1. Can you tell me, using C-alpha contacts under 8 Å and at least 6 residues apart, the relative contact order of the stretch 2-148 as a whole percent?
2. Classify the stretch 92-189: rounded, prolate or oblate, from the alpha-carbon gyration tensor (a ≥ b ≥ c, eigenvalue square roots; a/c under 1.5 rounded; otherwise prolate if a/b is larger than b/c)?
3. Provide the FRET efficiency to the nearest 0.05 for the residue 81-residue 163 pair, computing r from the beta carbons and using R0 = 25 Å.
4. If we count other beta carbons within 10 Å of each Cβ, what is the order of 25, 122, fewest first?
5. Arrange 99, 27, 124 by Cβ neighbour counts within 10 Å, fewest through most, would you?
6. Once you order the gyration tensor axes a ≥ b ≥ c over the Cα atoms, which shape class does the chain get: rounded for a/c under 1.5, otherwise prolate or oblate by comparing a/b with b/c?
7. Tell me whether the stretch 1-69 comes out rounded, prolate or oblate; compute the Cα gyration tensor, take square roots of the eigenvalues as a ≥ b ≥ c, and use a/c under 1.5 as the rounded threshold.
8. Going highest first, how would you order 88-95, 15-22 by mean Cβ packing within 10 Å?
């Protein structure tokens, strides 16, 4: 597995959100390793995105979003479950991608539908917020999957669970994957450049 480097994340959130589909999210705790293939993501901007935590500038909760690309931003949603995001764009731009669903591959197979189930199964918590996924010894990182999902269709839909900027089509789902629930359809994007999206 080849880890994703800083330059992968140093792009606009919607580009990274789509490009993360098919990659592997890896959590390594000593000899234990959990691996899941990403099949659903959502992009969030900064001051230009009213649905983003960073819309009104840095706060103690979202300050990580203003950091370098490739850093984890983990927050608790409604006081119930953790949501794992990865920071995108240049430092100070405040954007991130939420990983919403994945297919668990190791240590067993399963469907991680929803960000809360995903973080629970992989063991990601608020203590991981600020972790640099691009560091060589990172406990949590993203990697390219040699098998990937090349040739799959990607569905772009409005984001879910928000009350502002609801029509922005920044939720990306790999079609026909059981781990990724479907939402209102806005566009189907054929993955013609599989080497950039899924490899």
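Computed from the coordinates by the stated procedures, all read-outs in this text should not be read as laboratory data. Just so it is clear, the model here is predicted, and its values are computed rather than measured. Counting neighbours? That spans all protein chains shown, and the Cβs are built from the backbone with ideal geometry, glycine included.
1. The normalised contact order for the stretch 2-148 reaches 31 percent.
2. Oblate, because a/c is 1.5 or more while a/b does not exceed b/c.
3. Efficiency, from the Cβ-Cβ distance: 0.85.
4. By the 10 Å Cβ count, ascending: 122, 25.
5. So the ranking, lowest neighbour count to highest, is 27, 124, 99.
6. Judged from the Cα gyration tensor, the chain comes out rounded (a/c under 1.5).
7. In terms of gyration-tensor shape, prolate.
8. Top to bottom by mean Cβ count within 10 Å: 15-22, 88-95.
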